[in-house]
Amino acid sequence: MALDPVQLDTLTWDQMVTAIQTRIFPDSDRQWTLHAPVDPGVTMLELFAWLLDQRIYWMDQVPDALILAILSLLGEAPKPARAAVTVLQLVADSPTSHSNVFSTAPQGMLMRRGDTIPPLIFTLDQSLTVLPVNSITVDVDGVERSADLTQGQPVPLMSPGAGSAIVLITLKLSAPVPASISGGFVSLLLELETPSDVFPQWSWDAAAVAPPATLAFSYAGASGTWLPLQAGQVDDGTAGLRRSGLLRFAIPADWQGQSDRSDSASNSYTIRMLIGNPQFSVVPLLSRIVPNAAVAHHRWLRKKSLANPGWLPIPGNVISLPAVPSDSSLKEYPPLEDRVQLTLQERDPQNPAGKAYRWSAVADLSLSGPADRVFVVERGKSQLRFGDGLTGRLPVPLTTVAAAIQLAYEVGGGADGNVGTDLSWVALPGRDGDPDPGFTAVNVVSGDGGLEAETLDAATQRARAALNERNRAVIRSDYENLARSTPGVAFRRAYAGIGFHSDFPCTTVPGVVTVFVVPYAPRITNDGTIDALAFVAAPQPDSGALQAARTRLDTGRLLGSEIFVMGPVYRPVWVSVIIASDGALPTDFHEQVRRGLQTFLDPLVGGADGLGWPFGDPLRPSALLQVAQDILGPAGDVLSVAISLDAMDTTENCKDVKIESHELVQLRRVDLHTQRRTSSNGGLR
């Protein structure tokens with residue numbers, strides 16, 4: 001039940017005057033007898049009632065500054081605007097000769113979306129050497145898989161259960177790699193088939209989780225052997241093939257090319273990826289490789305200088321960013337609040353040239369003092385607003401310095417950067433008059449993540465919702481919700497064993513909670529058609545995912561409690577089915593029964609509700625018999641279903657087969673026995 005809001009402004013001026021007049025006669029010991037408005041004393045009382053009425057009104061008005069202060073104490077201050085992000089595939093302008101076929105796009109290069117007005121500008125996050133790639137081939141453990149990628153078929157990067165795998169990525173170039181570009185970074189986008197809650201490297205929602213495998217990269221050296229790429233030469237954005245990301249590596253000086261069948265020149269260059277210590281819940285599936293890929297954000301860095309504007313030491317000083325002289329004729333976007341840097345050259349008694357002081361951006365000036373060098377960024381007006389000398393220091397830059405104000409800020413952000421895929425982009429010079437960088441691009445993923453600055457009302461609503469979030473582990477469902485919602489690991493189910501300790505399984509240990517988690521694995525009922533190699537009957541989480549869940553639970557655990565996180569415990573199950581039928585059954589009937597029982601016992605889509613076999617739920621022969629009978633239909637009768645747990649020498653076809661409360665089951669084998677159905681002669685005679 002919600003509480004009624006507190007209302008402080010409950011008295012009117014008339015009510016206060018009436019109440020005061022009733023007290024005049026007794027409080028004056030019957031000496032004050034004239035209570036008419038012409039009496040000066042009554043006039044003073046009415047004046048005080050008017051002042052009190054104002055004070056009570058103010059008490060009932062909550063200013064924005066107070067709301068901001070409360071939100072800051074709660075850690076839920078309004079969020080600034082955010083820039084959208086995308087991945088661009090760069091292409092260098094057509095070169096005139098092989099000598100300039102390799103070009104490097106510098107970090108911070110501006111990319112404009114077509115001829116948009118106002119210009120939609122993204123900035124490259126990192127420098128990139130653009131290779132003249134004609135085609136890419138992929139070889140997995142000696143098997144060529146490039147045709148599968150071309151046809152849109154995901155490629156498993158290793159075999160299920162294998163202890164390692166070797167993946168060769170060969171770039172076929174139109175010209176040999178010159179030694180002059182060694183050390184420059186090239187980039188490949190490796191797009192993997194992942195669940196929707198495992199965000200790619202470039203996403204704002206991407207989580208840092210330890211990799212599920214170790215990746216070692218090498219290249220073909222001058223001696224014809226594989227030479228390793230050192231840690232500083234490789235940046236693996238896929239986090240060990242956990243997510244989609246960019247593989248960036250420095251071009252080795254002795255990288256040797258191989259001859260292509262169609263060309264005697266050595267223009268094919270191979271990178272070797274060794275996958276070791278795999279702990280994947282599901283075999284990683286590669287869906288696409290894009291060369292010359294670079295992450296870009298919807299922001300544009302601006303640096304400007306401003307002479308002393310002749311401010312007086314009075315309130316109301318502002319800097320209008322578009323009015324500050326610029327080196328570009330392009331119209332600017334509003335500034336990103338958390339990206340504005342301001343330096344003022346102020347008076348210094350010991351230095352005639354003054355001293356440079358850094359000023360800081362704040363959300364509101366009301367919490368600042370007279371000496372605090374702060375300002376507020378008003379994104380909608382593209383202005384910087386300063387304090388009044390009481391809440392925020394008055395800015396007084398030197399008049400003798402030509403560039404007393406130094407500005408560095410980024411413009412952009414907002415929803416404008418959330419664009420579709422396969423759009424055309426062109427590189428812009430950094431300043432008017434600079435040469436054309438000579439690059440075009442296509443964004444191979446959609447622009448995403450751009451947000452406008454959060455309003456105070458939206459931040460208040462978010463703070464109210466945050467107060468109701470279950471971020472403390474108190475009851476069983478709290479442990480399960482926190483584990484299941486661990487970012488970046490795609491857990492689908494969780495069970496909290498209260499008092500369960502793996503070292504003492506036969507007793508309840510007070511203060512100990514063990515959480516068993518089931519990771520994502522593709523299922524036809526959830527994902528449609530899936531690759532046969534991607535099906536995992538009993539999925540297990542990797543150690544990095546378990547550690548991420550432990551860290552999340554540790555922040556919310558109660559003092560004195562001990563939390564463990566483990567993968568699920570699967571009990572192997574054998575099932576024997578006896579069927580009586582009138583004739584021959586379909587040749588794939590045994591497979592149909594096996595699939596039906598496997599789906600019913602599945603940890604992700606099994607059970608009566610299709611949400612996964614419940615932890616600790618006993619195996620009931622009658623339930624399995626019903627599954628088999630539904631598959632058989634009127635073609636026969638399922639006479640019995642016998643269940644064997646862990647071993648095949650003990651079976652049960654009448655009673656429920658129990659498992660521990662923290663366990664799941666895994667169907668290992670189905671034996672099918674058929675016999676002729678006999679006619680029944682029963683009924684009344």
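Between residue 65 and residue 151, with labels modelled 7 Å along Cα→Cβ, what's the label distance in nm to one decimal, could you check?
Result: 7.0 nm between the two label points.
How much accessible area per residue does the stretch 111-202 have, counting only protein heavy atoms and a probe of 1.4 Å, in square angstrom?
Computed with neighbouring chains in place, this is 42 Å² per residue.
Taking the stretch 36-185 on its own, what percent of its Cα-Cα pair distances exceed 18 Å?
Taking all Cα-Cα pairs of the stretch 36-185, the fraction more than 18 Å apart is 79 percent.
Given 0.36 nm per residue, what is the gain on full extension from residue 661 to residue 355 after removing their alpha carbon distance, in nm? Before the final figure, lay out each step's value.
Numbers: separation 306, 0.36 × 306 = 110.16 nm, distance 6.97 nm.
This chain segment gains 103.2 nm when fully extended.
Restricted to Cα positions, what overall size does the stretch 246-376 have along the principal axes? Three whole-Å values, descending.
So the extents along the principal axes, rounded to whole Å, are 76, 41, 36.
For the peptides 147-154, 77-84, 194-201, what is the packing order when you average, over each peptide's residues, the other Cβ atoms within 10 Å and list the highest mean first?
Highest mean packing first, the order is 77-84, 194-201, 147-154.
For residue 457 and residue 331, what does the FRET efficiency come to when R0 = 35 Å and r is the distance between their Cβ atoms, rounded to the nearest 0.05?
The value I calculate is 0.75.
Probe 1.4 Å, all protein chains in place: accessible area of residue 167 in Å², nearest 10?
Taking all protein chains as shown, residue 167 has close to 0 Å².
Which percent of the accessible heavy-atom area of the chain goes to carbon and sulfur, probe 1.4 angstrom?
After summing per-atom areas, the C and S share lands at 53 percent.
To the nearest 20 debye, what charge dipole does the stretch 1-142 have about its Cα centre, counting +1 at the Cβ of each Lys and Arg and -1 at the Cβ of each Asp and Glu?
It comes to approximately 420 debye.
Determine which lysines satisfy two conditions relative to residue 303: a Cα distance under 22 Å, and not lying fewer than 8 residues away in the same chain.
Excluding near neighbours in sequence, the set is 331, 355, 381.
Using 0.36 nm per residue, how much length does the chain from residue 474 to residue 587 gain when fully extended, once their Cα-Cα distance is taken away? Provide the component values of the computation, followed by the final result.
Values: separation 113, 0.36 × 113 = 40.68 nm, distance 5.34 nm.
Between residue 474 and residue 587, full extension yields 35.3 nm more.
Give, in nm to one decimal, the length gained when the segment between residue 35 and residue 467 is fully stretched (0.36 nm per residue of separation minus the Cα-Cα distance).
Fully extending the segment from residue 35 to residue 467 adds 150.1 nm.
As an exercise, use a Förster radius of 56 Å and the Cβ-Cβ distance of residue 126 and residue 676 to find the FRET efficiency, rounded to the nearest 0.05.
Details: r = 73 Å, r/R0 = 1.30.
Step by step, r from the Cβ atoms, then E = 0.15.
Given a Förster radius of 25 Å and the C-beta distance between residue 611 and residue 506 as r, what FRET efficiency does 1/(1 + (r/R0)^6) yield to the nearest 0.05?
Using R0 = 25 Å, I get an efficiency of 0.25.
If you split all Cα-Cα distances of the chain into 10 Å bins from zero, what percentages do you get per bin, shortest first?
2, 11, 15, 17, 17, 14, 10, 6, 4, 2, 1, 0, 0
Counting only heavy atoms of the protein chains, get the accessible area per residue of the stretch 536-592 (1.4 Å probe) and round it to a whole Å² value.
That works out to 46 Å² per residue.
Starting from the residue with the highest accessible area, list 529, 460 in decreasing order, probe 1.4 Å. Mind showing how you got there, number by number?
Working: 529 140, 460 35 Å².
Order by accessible area, largest first: 529, 460.
How far apart, in nanometres, would the label points at residue 635 and residue 421 be if each is projected 7 angstrom from Cα along the Cα-to-Cβ direction?
Inter-label distance under the simple model: 4.2 nm.
Could you report the stretch 382-466's accessible area per residue, 1.4 Å probe, as an integer in Å²?
45 Å²
Mind grabbing the base-10 log of I(q)/I(0) for the stretch 387-434 at q = 0.17, 0.18, 0.26 Å⁻¹? Debye formula, identical points on the C-alpha positions, no solvent, two decimal places.
Debye output, listed in q order: -0.86, -0.90, -1.13.
Run the paramagnetic zone check for residue 274: 7 angstrom along Cα to Cβ, then residues of the stretch 158-178 with backbone nitrogen under 12 Å.
Those under the cut-off are 164-167.
Of 69, 278, 13, which is farthest towards the positive pole of the chain's charge dipole, taken about the Cα centre with +1 and -1 on the beta-carbons of Lys, Arg and Asp, Glu respectively?
Among 69, 278, 13, the one farthest towards the positive end of the dipole of the chain is 278.
The values are calculated or read from the model by the stated rules, or taken from the named source; none is laboratory data. Note that the coordinates shown come from a computational prediction; the quantities given were computed from them, not determined experimentally. Virtual Cβ from ideal backbone geometry, glycine too; neighbours counted across all protein chains shown. Note: accessible area is taken over every heavy atom of the protein model, side chains too, but ligands, DNA and RNA are not part of it. Shrake-Rupley method; radii C 1.70, N 1.55, O 1.52, S 1.80 Å.
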